[in-house]
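Input: a single structure, listed below in structure tokens.
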Amino acid sequence: MPLMRLDRLLSECTALSRSQLRQIIKNGSVSVDGIVITSPEHKVCSDTARVELDGKTVSYEKFCYYMLNKPAGILSATDDKKQKTVIDLFPAELKKKNLFPVGRLDKDTTGLLIITNDGDFAHRVISPRSEIVKTYHAVTETPVNDADIEAFRQGIVLADGTKCLPAGLEKLPDGSCLVRVMEGKYHQVKRMLASRGKPVTALMRLSIGGLELDKGLLPGQFRQLSEKELCSVNKKK
């Protein structure tokens, strides 16, 4: 069973610093399985221990998964000295969990972005081998046509020789389109459409596998994913 220092476990579950927590523990404000513990170094089982801080239960989760409605103008990165990142949208107690975005959306691209600290999960979602389809809504300077749809179906080859896997392209009644891809090369959707003479003016990711962006989330808002939603990521659309 995984054992953790008590002060470390609490630091990953609260906005308090390790030094603050060490003093709080020494003052007798923390209990483990009903017993007051005054040693910050005390080892607890993170899976089974019932830890209480000032009488309130503290829940520890090794991995966490969030759905973010990414706004425009924010970098899909963990840290940047000059620009705001998607991780900056999260409070301090969650930043401590070493969160990172699953894949990247361009700075001006909006919509569904999964934020987690589970590297294996992220790799599965990103890898083309998993065949997880990502769906985007794109607005282009001119509407796509049947020839564009067929070119996407065959697999676009970009100007620099980059070969893209076969992808889905669907015309919408308002002149915009849906793009479905299973990979995430640099600026891929924009470059694919541009290669067909259809420059993108707005791009939004709607879904990853069977997970759809919650329409109730405003740009910049996030919420935790349910177990059912996590499983839906792997579903074919």
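Computed quantities for the displayed model
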{"read-out": "Theoretical FRET efficiency, 1/(1+(r/R0)^6), r = Cβ-Cβ of E131 and C231, R0 22 Å, to 0.05", "value": "0.90"}
{"read-out": "Unit charges on C-beta of K, R, D, E only; dipole of the chain, Debye", "value": "320"}
{"read-out": "Whole-angstrom Cα spans of region 168-236 along principal axes, big to small", "value": "41, 26, 24"}
{"read-out": "R0 of 35 Å, Cβ-Cβ distance H123-S29: FRET efficiency to nearest 0.05", "value": "0.30"}
{"read-out": "Value of relative contact order over region 1-116, rounded to a whole percent, pairs C-alpha under 8 Å and six or more apart", "value": "25"}
{"read-out": "Chain lengthening between K62 and A15 when straightened (0.36 nm per residue, less Cα-Cα)", "value": "15.3 nm"}
{"read-out": "Estimated distance in nm for a label pair at E52 and T85, the labels positioned 7 Å out from Cα along Cα-to-Cβ", "value": "3.8"}
{"read-out": "Kyte-Doolittle mean at least 1.0, axial Cα span of 27 Å or more - DSSP H helices of the chain", "value": "none"}
{"read-out": "Space enclosed by the convex hull of the alpha-carbon atoms of region 44-95, per residue, Å³", "value": "122"}
{"read-out": "Loop chymotrypsin sites (Phe, Trp or Tyr not before Pro), region 16-108, which have at most 13 other Cβ atoms in a 10 Å radius of their Cβ (DSSP)", "value": "F63"}
{"read-out": "Calculated [θ] (222 nm, deg cm²/dmol) that DSSP helices of n ≥ 4 give over the chain, each run adding -39,500 (n - 2.57)", "value": "-5500 deg cm²/dmol"}
{"read-out": "Separation of the R8 and E183 label points, Cα + 7 Å toward Cβ, nm", "value": "4.0"}
{"read-out": "Sites matching chymotrypsin sites (Phe, Trp or Tyr not before Pro) across region 124-226 that sit in DSSP coil, with at most 10 neighbouring C-beta atoms within 10 Å", "value": "Y186"}
{"read-out": "Fraction of accessible area attributable to carbon and sulfur, the chain (%, probe 1.4 Å)", "value": "51"}
{"read-out": "Net length gained if the chain between N145 and L217 were fully extended (0.36 nm per residue, minus Cα distance)", "value": "22.7 nm"}
{"read-out": "Mean separation of Cα contacts under 8 Å (6+ apart) over length of region 174-237, as relative contact order %", "value": "28"}
{"read-out": "Lysine pair count for region 168-230 [Cα-Cα under 19 Å; pairs on different chains or 8 or more apart]", "value": "5"}
{"read-out": "Accessible surface of D33 - all protein chains present, 1.4 Å probe, nearest 10 Å²", "value": "90"}
{"read-out": "Trypsin sites (Lys or Arg not before Pro) within region 7-113: DSSP coil, no more than 10 neighbouring Cβ in 10 Å", "value": "K81, K82"}
{"read-out": "Nearest-10 value in Å² for the accessible area of S17, using the 1.4 Å probe", "value": "40"}
{"read-out": "Relative contact order for the chain, counting Cα pairs under 8 Å that sit 6 or more residues apart, in percent", "value": "19"}
{"read-out": "Descending semi-axes in Å of the chain, equivalent ellipsoid built from Cα gyration tensor", "value": "44, 17, 14"}
{"read-out": "Residue range of the chain that is longest and free of GluC sites (Glu not before Pro) which are both DSSP loop and sparsely packed (at most 14 other C-beta within 10 Å)", "value": "142-237"}
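The values are calculated or read from the model by the stated rules, or taken from the named source; none is laboratory data. Quick caveat: nothing in here was measured; it's all calculated off a predicted structure. A quick note on method: Cβ atoms are made from the backbone with ideal geometry, for glycine too, and the neighbour counts reach across all protein chains shown. Areas reflect the complete protein model, heavy atoms only, side chains present, ligands, DNA and RNA absent. Shrake-Rupley method; radii C 1.70, N 1.55, O 1.52, S 1.80 Å.
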